[in-house]
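All remarks here apply to the structure that follows.
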Amino acid sequence: MNEIEKRSFYSFLFLYLGSSLVFVLLSGYWYYSAQKSALEKTTYYKLQHLTDNISSLIINAHMMGEKLVLPNVEDGYEYILIPTKEHKVYKETYFEKDGFKTLVSSAPQEHLMIEYVVARTDMYHKNVLTLQKKVSTILVLVFLAIAIISWILSKLFMRPVRQKMIQIEQFIQDISHELNTPITALTMSSKRAMQKQVYDEKILRNISISTKQLYSIYKSLAYLNFSSKEQNPEYLELKPLLEQSIEYYAELSMAKNIKIHTTLENASIVAVDSRMELLFSNLISNAIKYSMPDTTITIELKKGRFLIKDEGVGIQAQKIKDIFKPYERNSNLAGGFGVGLSIVKDICDTYGIDIEVASELGVGSSFILSWK
């Protein structure tokens with residue numbers, strides 16, 4: 001990952017972990033508080049039940065004149081009986097001291113000369129410690145699980161970003177390479193012309209071709225500028241527009257000794273002229289780019305139908321479905337930065353034009369556009 005991707009990845013990860021940690025701690029605190037309160041109430045009710053039970057036995061024994069038989073209590077609980085003669089007065093009936101929860105009951109009402117039943121237990125603190133360990137363990141395990149999930153989610157979150165960054169980096173490299181060729185040709189042709197002081201046809205043709213290549217790149221990049229204002233479509237005659245595009249690339253086809261065979265009839269469509277010009281421009285330049293020297297490109301225009309067929313390198317069948325994706329390049333044989341056909345598809349979708357592709361490796365490709 002580059003620095004931008006790392007910053008995005010760790011920013012998302014830390015934000016997710018930080019918010020999750022706060023949520024986990026709050027949830028743990030609420031759970032711990034609720035469970036501690038429940039333990040407090042349970043301890044009180046158990047002590048109260050114990051003192052009430054013993055007080056009832058004392059009163060019954062006194063009233064029935066029977067021998068007092070005191071009950072056994074569960075582990076962790078104990079009690080004592082305070083005789084009346086001690087005249088001890090308890091200010092608190094339920095309190096905590098020396099790690100014990102203590103409840104003082106005056107329910108015996110001095111039967112059998114017993115004034116108080118005092119019960120106590122240390123189980124509350126033991127249970128609280130157990131609860132603390134339990135909650136801490138659960139919080140750690142939950143946070144570890146969230147950390148693992150957040151790592152996976154961060155990776156998933158970064159996957160499309162990573163793919164887009166790779167595409168953008170490749171796009172920039174391709175643009176740099178694509179621009180380098182015509183700029184170098186322009187520089188060399190201009191230098192040769194200045195040295196020779198004679199502007200021969202070959203030099204001027206090289207300058208013209210390089211200039212048109214730069215302009216084609218500019219038009220594609222301008223189309224990708226989404227801030228550009230949308231124009232209103234209008235009724236267009238396509239034949240003159242197509243003838244202009246063919247003428248524009250005549251020098252480039254001549255440089256590779258490629259013949260362009262045309263059968264053009266009148267055809268019309270409701271669209272923006274600059275968009276249709278860019279559509280034809282990309283299809284023709286692609287056909288020239290991926291055609292071998294000394295081959296033929298066939299272009300046909302009829303009512304509601306346009307065809308362009310080359311004798312180029314062709315496209316693998318499994319790759320045809322991907323050729324209209326942005327930044328996808330079918331072959332490294334020729335230059336380009338993978339946006340031409342995506343622009344073509346976008347324009348076709350805008351004006352309701354169906355596009356069909358047929359191709360065979362080593363034989364060539366054909367693009368058929370149809371509209372109503």
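Things worth noting here:
- Hits in the stretch 326-345 - residues which are modelled with pLDDT of 90 or more and surrounded by fewer than 20 Cβ atoms within 10 Å (Cβ to Cβ): K345
- K101 being surrounded by 15 or more Cβ atoms within 10 Å (Cβ to Cβ) and closer than 19 Å to S55 by Cβ: yes
- Considering the conditions (1) surrounded by 13 or more Cβ atoms within 10 Å (Cβ to Cβ); (2) within 21 Å of D52 (Cα to Cα), L139 is excluded by exactly one of them, (2).
- Qualifying positions in the stretch 44-88 - under 16 Å from S106 (Cα atoms) and outside any helix (DSSP H, G or I): Y79, I80, L81, I82, P83, H87, K88
- Residue in the stretch 20-32 that is farther than 17 Å from L139 by Cβ and surrounded by 15 or more Cβ atoms within 10 Å (Cβ to Cβ) present: no
- Single residue of the stretch 264-295 satisfying the filter (polar (S, T, N, Q) and surrounded by fewer than 20 Cβ atoms within 10 Å (Cβ to Cβ)) that is nearest to G312 (Cα to Cα): T295
- Cross-chain or 6+ apart pairs with Cβ under 8 Å, the stretch 254-277 first and in the same structural domain as T296 (by TED's automatic domain parsing), then small (G, A, S) and surrounded by fewer than 18 Cβ atoms within 10 Å (Cβ to Cβ): I260/A250; A267/G304
- Test result for E78, at pLDDT 90 or above, under 15 Å from V117 (Cα atoms) and surrounded by 10 or more Cβ atoms within 10 Å (Cβ to Cβ): yes
- Helices (runs of 4 or more DSSP H) fully within the stretch 177-288 counting 1 or more residues that are within 17 Å of T350 (Cβ to Cβ) and modelled with pLDDT under 75: 201-223
- Going through (1) surrounded by 13 or more Cβ atoms within 10 Å (Cβ to Cβ); (2) over 30 Å from D52 (Cβ atoms); (3) assigned by TED's automatic domain parsing to the domain that holds S11 one by one, M158 falls short only on (3).
- Some residue of the stretch 17-25 being over 22 Å from A145 (Cβ atoms), out of contact with any helix residue (DSSP H, G or I) (no Cβ under 6 Å at 6 or more places or on another chain) and not in a loop (DSSP other than H, G, I, E, B): no
- The residues in the stretch 111-169 that are more than 30 Å from S8 (Cα to Cα) and among the small types (G, A, S) can be counted, and the count is 2.
- Every pair of residues 6+ apart whose Cβ atoms lie under 8 Å, when the first sits in the stretch 293-308 and is on the phi > 0 side of the Ramachandran plot while the second is part of a strand (DSSP E or B) and surrounded by fewer than 17 Cβ atoms within 10 Å (Cβ to Cβ): G304/S370
- Residue within the stretch 20-40 that is more than 60 Å from the chain's Cα centre (by Cα) and basic (K, R) present: no
The values are calculated or read from the model by the stated rules, or taken from the named source; none is laboratory data. In this text, all values refer to a predicted model and were calculated from it rather than measured experimentally. Cβ coordinates were reconstructed from backbone atoms using ideal geometry, including for glycine residues, and neighbour counts include every protein chain displayed.
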